[in-house]
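Any read-out appearing in this document is the output of simple, stated calculations on the displayed coordinates, not a laboratory observation. Not measured: the values here are computed from a predicted model. Glycine also receives a Cβ, built like all others from the backbone with ideal geometry; neighbour counts cover every protein chain displayed.
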Amino acid sequence: MKLNCFRSLMGTVSAFAFMTVLLSGCSSNSSDMALTDNPTAPAIASSNSSAPAPSAGVPDDAARFHVGDTVTVTLSGLPETETPPPHQEPIKEDGTITMPEIGKIMAVGKTAGELQNAIHDAYVPQFYTHLTVAVNIGDRVYYVRGEVKSPDRLMYVGEVTVTKAIASAGDFTDFANRKAVILIRSNGQHIKVNCKKVLKGEAADPQVYPGDQILVPRTIW
């Protein structure tokens with residue numbers, strides 16, 4: 001009888017041990033599956049890494065040419081008698097500059113390197129066999145004058161509208177005529193802007209380009 005009790009006890013212990021191992025294995029597998037199947041895990045690991053974002057190194061808007069930018073194009077690598085003088089020109093409203101012999105070249109939206117390549121390919125091999133092109137840009141500024149708190153020449157560092165430009169100049173003074181702001185393009189075009197309507201969403205807020213001027217007049221009241 002004692003032998004039978006001992007065997008029964010050993011069987012119970014063995015069964016308990018087996019179930020413990022089985023449950024432990026199932027818990028481990030469940031945890032492994034959760035890590036493997038979790039679709040957000042790679043994204044979390046990626047966001048914590050030091051690798052650059054996919055857009056790193058891609059030129060932003062401020063690095064690309066805009067209407068009004070003054071561009072200087074220098075051609076070299078030619079015989080001295082064929083080397084033209086540097087060509088300097090502000091980018092026109094249609095986004096182009098006009099080069100000798102080849103005519104209009106689209107400049108807006110391009111980086112300096114992209115514009116150099118476009119000019120090179122327009123000249124070679126139709127006009128020259130070998131050519132080096134260098135493109136440089138002048139200071140990129142716009143002006144806010146009149147009834148603003150800090151009238152000044154401001155650096156153009158990216159897209160800006162009339163109301164944002166005025167805000168950058170300290171905003172309107174108490175004497176500003178907000179209904180008759182004048183945007184003067186670098187080509188002489190005048191655009192009247194009713195900033196009160198703009199801020200209410202009732203009128204468009206024009207883009208400001210390098211070389212433009214914003215004039216805020218004084219109210220007569």
Original post:
With charges only on Cβ, +1 for K and R and -1 for D and E, what is the dipole size of region 115-166 about its Cα centre, in debye, rounded to 20?
Top reply: 200 debye
**OP:** Take the Cα coordinates of region 73-175, assign each an equal point scatterer, and use the Debye formula without solvent to give log10 I(q)/I(0) at q = 0.19 Å⁻¹.
**Re:** -0.92
Subject >> Footprinting exposure proxy for 220, 137, 119 (fewest neighbouring C-beta atoms within 10 Å first) >> reply: 220, 137, 119
Subject >> region 151-220: chymotrypsin sites (Phe, Trp or Tyr not before Pro) in DSSP coil with no more than 16 other Cβ atoms inside 10 Å >> reply: 175
Subject >> Least to most buried among 163, 70 (fewest other Cβ within 10 Å first) >> reply: 70, 163
**OP:** Could you line up 174, 139, 69 from fewest to most neighbouring Cβ atoms inside 10 Å?
**Re:** 174, 139, 69
